[in-house]
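Since the structure comes first, as structure tokens, the remarks are kept for the end.
The values are calculated or read from the model by the stated rules, or taken from the named source; none is laboratory data. Keep in mind the model is a prediction, meaning the values are calculated, not measured. Note: ideal-geometry Cβ built from the backbone for every residue, glycine included; neighbour counts use all protein chains shown.
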Amino acid sequence: MMQVTPQAASKTSRSDWQKTAEFVARNYSTEKVANLLLVKEQTIRAGYCRDGHYQNLIPVKTPNRRLLWPAAEVDALVVGRPAKTPDATDIDKHLARKAADASKVPAHIRAKAEAKAKRLTSGEVAK
């Protein structure tokens, strides 16, 4: 029976793991941010999805689709200081990326948007 040593099993160098660990340490998960700001996790995700930021915080999206939020800016919000204003180009990129892939829009949202567009173009008034 052949034994696999940790060195043979891993192709990632130690410095890569250290860099990753340092990056994660400087950022908070959505769950941690929600706990610190006393809101539900979904509130944060919805704000980011809708506006491209939550309370001026812009997360980093990891390859596994998780969001990591900048710890220093979250800590500033917790103590009552405003987070830095996000760059408008970052928000525009986020919104453009969402608009570019219509398959990511849920069917019920797509139907509402189409109905609203139809009302606006036909001059129909909502009741």
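Of all residues in the stretch 76-86, how many are free of Cβ contacts under 8 Å to residues at least 12 places away in the same chain and either in a loop (DSSP other than H, G, I, E, B) or at positive phi (or both)?
Going residue by residue through the stretch 76-86, those that are free of Cβ contacts under 8 Å to residues at least 12 places away in the same chain are 76, 79-81.
Add one more test, that the residue is either in a loop (DSSP other than H, G, I, E, B) or at positive phi (or both), and what stays is 79-81.
Looking only at that region, the number is 3.
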(message) Please verify whether Pro86 is touching a strand residue (DSSP E or B) at 6+ places or on another chain (Cβ under 9 Å) and at pLDDT below 85, treating the condition exactly as stated.
(response) yes
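Condition check ((1) surrounded by 11 or more Cβ atoms within 10 Å (Cβ to Cβ); (2) outside the structural domain of Arg81 (by TED's automatic domain parsing); (3) modelled with pLDDT under 95; (4) farther than 11 Å from Trp69 by Cα) across all residues:
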position	(1), (2), (3), (4)
Met2	no, yes, yes, yes
Ala9	no, yes, yes, yes
Thr12	no, yes, yes, yes
Ser15	no, yes, yes, yes
Lys19	yes, yes, yes, yes
Leu37	yes, no, yes, yes
Cys49	yes, no, yes, yes
Leu57	yes, no, yes, no
(request) Given the conditions (1) over 19 Å from Glu31 (Cα atoms); (2) in contact with an Asp or Glu (Cβ under 6 Å, 6 or more places away or on another chain); (3) not polar (S, T, N, Q), report the number of the one that His94 does not fulfil. (result) (2)
(message) Cβ contacts < 9 Å: first residue closer than 19 Å to Asp87 by Cβ and free of Cβ contacts under 8 Å to residues at least 24 places away in the same chain, restricted to the stretch 56-75; second residue surrounded by 12 or more Cβ atoms within 10 Å (Cβ to Cβ) and small (Gly, Ala, Ser), any location; separation 6+ or different chain. Result?
(response) Glu73/Ala83
